[in-house]
Amino acid sequence: MEKSFKAALFDLDGVVFDTEPQYSVFWGEECRRYHADKPGLEHKIKGQTLVQIYDKYFSGELLMEREYITKRLSEFEAKMDFEYISGFKNFVLSLRQRGIKTAVVTSSNRIKMEAVYAKHPEFVGFFDEILTSEDFSESKPAPDCYLRAAERFGLENYECVVFEDSLNGLLSGRAAGMYVVGLATTNTKETISPLCDMVIKNYNGFCI
């Protein structure tokens, strides 16, 4: 890669941690419980905030079910395996050594992040900023979250590179006018290639 960036902005699930298969299991069960008529819905909601998922799929007669879903989700996340994507730790540390700013830009909320910090106390040391769903009004695929991250660093969009795996996330990075690196961890290379500038499987041997 010949470009020179001043900030690297990372989604969380499927980009920093290999958690998407676990979420597919959780949301697959919930969607089959409440939306058996919508097979594959657990894949469609990837990259959306919990509020967005609730507003679109758990309103009306299902409004009262949100409390129980949230409880099950919190219990599930507390037991999740937060395993780093291969090569990520060395990659992010090399960025910081070179003075490149780093940020997590995730649709997850702060409660979820507490579960991450509990299992990985070193996590906060990898990033200059951590933006969660509480930090922006419009979630992915809107560009707001990534534009907010660039603003935190006082940088222009072209000075930032986005790392994403979900379709909504890739669209968000594109809409923000940033260089987008897609990780083929959640979707296939063929699926995400049209939505990003380059595709990687993991961070081993990768540099910017």
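The values are calculated or read from the model by the stated rules, or taken from the named source; none is laboratory data. None of the values given here were measured: they were computed from a predicted structure. Backbone-built Cβ (ideal geometry, glycine too); neighbour counts: all protein chains shown. Accessible surface is based on the protein model in full, side chains and every heavy atom, while ligands, DNA and RNA are left aside. Shrake-Rupley method; radii C 1.70, N 1.55, O 1.52, S 1.80 Å.
For segment 187-201, how many residues meet the condition of being in a helix (DSSP H, G or I) and touching a strand residue (DSSP E or B) at 6+ places or on another chain (Cβ under 6 Å)?
Selection size over segment 187-201: 3.
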Notebook entry, point to check: Within the bounds of segment 120-127, is there any residue that is farther than 30 Å from F76 by Cα and at pLDDT 95 or above?
Noted result: no
Note to self: Go through segment 91-110 and report how many residues are in contact with a Phe, Trp or Tyr (Cβ under 8 Å, 6 or more places away or on another chain), open to solvent by 20 Å² or more (accessible area, probe 1.4 Å) and closer than 24 Å to S166 by Cβ.
What the structure shows: 1
Notebook entry, point to check: Counting just the residues of segment 156-172 that are of a type in the set (A, V, I, L, M, F, W, C) and in a strand (DSSP E or B), which one comes out nearest to D18 (Cα to Cα)?
Noted result: F163
Next item on the list: Count, please, the residues in segment 121-135 that happen to be touching a residue at least 12 places away in the same chain (Cβ under 8 Å), open to solvent by 30 Å² or more (accessible area, probe 1.4 Å) and outside any helix (DSSP H, G or I).
Entry: 3
Margin query: Which residue is most open to solvent (accessible area, probe 1.4 Å), if the candidates are limited to segment 54-90 and must be within 21 Å of M113 (Cα to Cα) and of a type in the set (S, T, Y)?
Written below: Y68
Checklist line | Verdict on E138 being open to solvent by 30 Å² or more (accessible area, probe 1.4 Å) and in a helix (DSSP H, G or I) | finding: no
Check: Do any residues in segment 18-46 that are without any contact (Cβ under 8 Å) to a residue 60 or more places away in the chain and within 18 Å of T185 (Cα to Cα) have Cβ atoms under 6 Å from those of residues that are open to solvent by less than 80 Å² (accessible area, probe 1.4 Å) and aromatic (F, W, Y), where the two are at least six apart or on different chains, and which pairs are they?
Finding: F26/F76; E42/W27
Next item on the list: Would you check if there is a residue in segment 82-97 being without any contact (Cβ under 8 Å) to a residue 12 or more places away in the chain, farther than 20 Å from F5 by Cβ and touching a helix residue (DSSP H, G or I) at 6+ places or on another chain (Cβ under 7 Å)?
Entry: no
Note to self: Restricting to segment 1-19, count the residues that are open to solvent by less than 20 Å² (accessible area, probe 1.4 Å) and either part of a helix (DSSP H, G or I) or aliphatic (A, V, I, L, M) (or both).
What the structure shows: 6
Notebook entry, point to check: Which ones in segment 141-155 are closer than 27 Å to T188 by Cα and assigned to a loop (DSSP other than H, G, I, E, B)?
Noted result: P141, A142, P143
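Looking only at segment 111-120, how many residues end up being among the β-branched types (V, I, T) and open to solvent by 80 Å² or more (accessible area, probe 1.4 Å)?
1
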